[in-house]
Amino acid sequence: MKEKILIDQLKKQMKAKGITYNQIAKALDISLSTVKRDFALKNLSLSRFLSICEITNTSLKDLSQSIEVSQPKTHVLTDEQEAFFAKNINYWAYFDQLLSGRSPTFLSQKYKITKNQEVKYLKKLDALKLIEWGPGNKVKVLIESVSWNENGKLREKFLEINERQFLGSRFKGESEFYSFFVEDIPKSAFPKIIQEMKKVENLIELEHQMGKYTKEKRKSTGVMFAIRPWNFNPLEELSNQ
């Protein structure tokens with residue numbers, strides 16, 4: 001279970017920092033036996049887990065990174081790969097599905113991809129050394145995860161597409177939430193607000209990492225955080241018409 005992996009990582013962080021169970025017990029004002037039992041059974045409540053993180057100065061980012069150490073290295077796209085995908089986003093979409101474990105046959109049936117287009121996809125991805133393309137369209141994906149240049153064209157293209165699709169409909173579903181408001185905020189408050197937003201981002205990223213260790217049902221989910229000094233200008237809307 002993901003909770004057990006979290007607790008294991010927290011124990012490792014405590015050991016590395018020389019923090020004992022006795023110190024934790026005193027800080028939480030509970031018995032040493034309770035602390036030992038909770039760690040032995042790997043059964044910490046969320047509030048206690050977060051309290052121990054705070055006591056040991058261990059961030060969720062620290063735990064996430066310690067988990068990543070044991071994971072396969074992420075493949076960073078080459079300039080050639082990134083330039084091609086930025087101009088041919090449909091090839092990236094196809095490769096991303098292969099990376100997620102879908103087969104060419106499944107993709108052709110689900111997205112009505114013609115045999116000719118399927119061959120083009122597989123041939124190019126093989127040439128880019130991202131897959132091995134064998135007889136009968138047997139595919140071996142050569143990497144397990146991928147990243148691209150944070151300031152590159154592919155990321156910009158994706159931001160453009162994602163923002164358009166993500167904001168393309170109103171947030172009215174049961175698992176959806178949207179809030180937008182404008183307030184006068186002191187400049188000194190911005191760093192604190194951004195820091196709190198990053199904490200939530202780290203929590204979500206940690207949940208994503210834990211999902212790799214459990215068969216618990218998951219659903220791809222979009223999350224957007226944004227803050228900037230801004231004032232609505234209706235005249236700008238008129239000028240864009």
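Per the conditions (1) within 29 Å of the chain's Cα centre (by Cα); (2) part of a helix (DSSP H, G or I), the sole criterion not satisfied by LYS123 is (1).
Number of residues in region 18-43 that are among the acidic types (Asp, Glu) and open to solvent by 50 Å² or more (accessible area, probe 1.4 Å) equals 1. For LEU60, the test of being surrounded by 17 or more Cβ atoms within 10 Å (Cβ to Cβ) and within 30 Å of LYS15 (Cβ to Cβ) is passed. For region 93-119, how many residues are surrounded by 14 or more Cβ atoms within 10 Å (Cβ to Cβ) and charged (D, E, K, R)? The total comes to 2. Applying the criterion of being among the polar types (S, T, N, Q) and in a loop (DSSP other than H, G, I, E, B) to the residues of region 163-196, the residue that is surrounded by the most Cβ atoms within 10 Å (Cβ to Cβ) is SER169.
Counting only residues that are more than 30 Å from the chain's Cα centre (by Cα) and acidic (Asp, Glu), region 1-47 holds 1 of them. Across region 204-236, the qualifying residues are those that are aliphatic (A, V, I, L, M) and within 26 Å of ILE161 (Cβ to Cβ), and the one among them that is modelled with the lowest pLDDT is ILE204. Checking each residue in region 126-148 for being among the polar types (S, T, N, Q) and within 25 Å of the chain's Cα centre (by Cα) picks out SER145, SER147.
The values are calculated or read from the model by the stated rules, or taken from the named source; none is laboratory data. Worth saying up front: this structure is predicted, and the values here are computed from it rather than measured. In this analysis, Cβ positions are derived from the backbone assuming ideal geometry, glycine residues included, and neighbour counts consider all displayed protein chains. Ligands, DNA and RNA are excluded from the accessible area calculation, which covers all protein heavy atoms including side chains. Shrake-Rupley method; radii C 1.70, N 1.55, O 1.52, S 1.80 Å.
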